[in-house]
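To keep things clear, I will list the structure first and then write my remarks on it.
Derivation of every value follows stated rules applied to the coordinates shown; laboratory data play no part. Source: prediction; values computed, not measured. FYI the Cβ positions are ideal-geometry reconstructions off the backbone, even for glycines, and counts take in every protein chain you see.
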Amino acid sequence: MCEEFLEGARGNLFAKRFPLIFLPCIGSRRRSIISSAMPSTEHPLVISVIGGSRPSAKARRLACEVGRLLAEHGAVLVCGGLGGVMEAACRGAYEAGGMTIGILPGNDPREANPYVRIPICTGLGYARSVIVVRSGRAVIAVEGAYGTLSEIAHALGDGIPVVGLGTWSFSTNGREDDKVFRADSPQDAVAQAMKLARTRQERLDRLLAARKTLPRPASRRVAKA
């Protein structure tokens with residue numbers, strides 16, 4: 001997988017669009033080759049895509065289109081790296097020249113679907129779902145079963161915006177909970193996710209800038225006994 005990436009790094013759409021992202025599976029010499037092929041620009045937005053491993057044919061089509069649109073918008077797609085919605089979304093992004101990252105539950109990178117450019121092995125099983133949603137500045141949920149439901153909960157609990165495309169709906173004490181932004185098409189889902197991700201990134205940038213302006217505490221020297 002890495003060899004295929006290296007072969008096309010100098011001329012493909014991915015290389016022109018994305019700056020260097022750390023690749024743990026290659027050596028420093030090869031990383032320098034990739035770095036020279038990629039322009040030094042601001043980091044692209046990362047969007048998490050979640051959904052079931054056994055989706056309907058409609059969900060596969062929606063996920064594939066979501067992946068394609070994310071790539072065309074210059075976003076990095078991160079997902080659980082396996083089949084179903086994950087594979088369909090990765091395929092759409094991959095075929096459009098985009099970056100796809102798979103956060104795998106096991107320890108074997110070969111578990112990843114063939115459209116994952118960078119597999120990341122966690123050995124965490126279902127617990128890796130937290131990493132999937134926290135890696136993105138926003139989340140797009142396409143259909144999905146209980147695993148997707150847990151990922152939505154993790155995202156919302158951490159203040160990460162979630163855009164739903166035919167996914168779970170919620171209610172609290174009989175009242176509809178509108179914390180998940182509803183989309184009626186892949187285009188709408190991607191547009192909302194990109195806007196929400198940019199807003200969140202700008203807010204985080206402001207917080208980081210504010211922290212840098214805070215005065216540093218005076219260093220204290222420990223007196224020798």
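Descriptive notes on the structure:
- Sorting 68, 61, 216, 54 by the number of Cβ atoms found within 10 Å of their own Cβ, with the fewest placed first, yields 216, 54, 61, 68.
- Converting phi to 3J(HN,Hα) with the Karplus coefficients 6.51, -1.76 and 1.60 and the offset θ = phi - 60°, region 96-113 yields 8, x, x, 8, 10, 10, x, 8, 8, x, x, 10, 10, x, 6, 5, 5, 5 Hz in sequence order, with x at every glycine or proline.
- Here the residues 148, 172, 199, 100, ranked from fewest to most Cβ neighbours within 10 Å of their Cβ, fall in the order 172, 199, 148, 100.
- Across region 124-138, rounded Karplus estimates of 3J(HN,Hα) from the backbone phi angles (6.51 cos²θ - 1.76 cosθ + 1.60, θ = phi - 60°) give 9, x, 5, 5, 5, 4, 4, 5, 4, 6, 6, 6, x, 7, 8 Hz, Gly and Pro being marked x.
- The magnitude of the dipole of region 52-144, with charges of +1 and -1 set on the Cβ of Lys/Arg and Asp/Glu and taken from the Cα centre, is near 120 debye.
- Less than 5 angstrom separates the built amide H of residue 76 from those of 45, 46, 47, all sequence-distant by 5 or more or on a different chain.
- Less than 5 angstrom separates the built amide H of residue 170 from those of 177, all sequence-distant by 5 or more or on a different chain.
- In a fully extended conformation the segment linking residue 149 and residue 72 would gain 25.0 nm over its present Cα-Cα distance, using 0.36 nm per residue.
- Whether region 44-207 is rounded, prolate or oblate, judged on the alpha carbon gyration tensor where a/c under 1.5 counts as rounded: rounded
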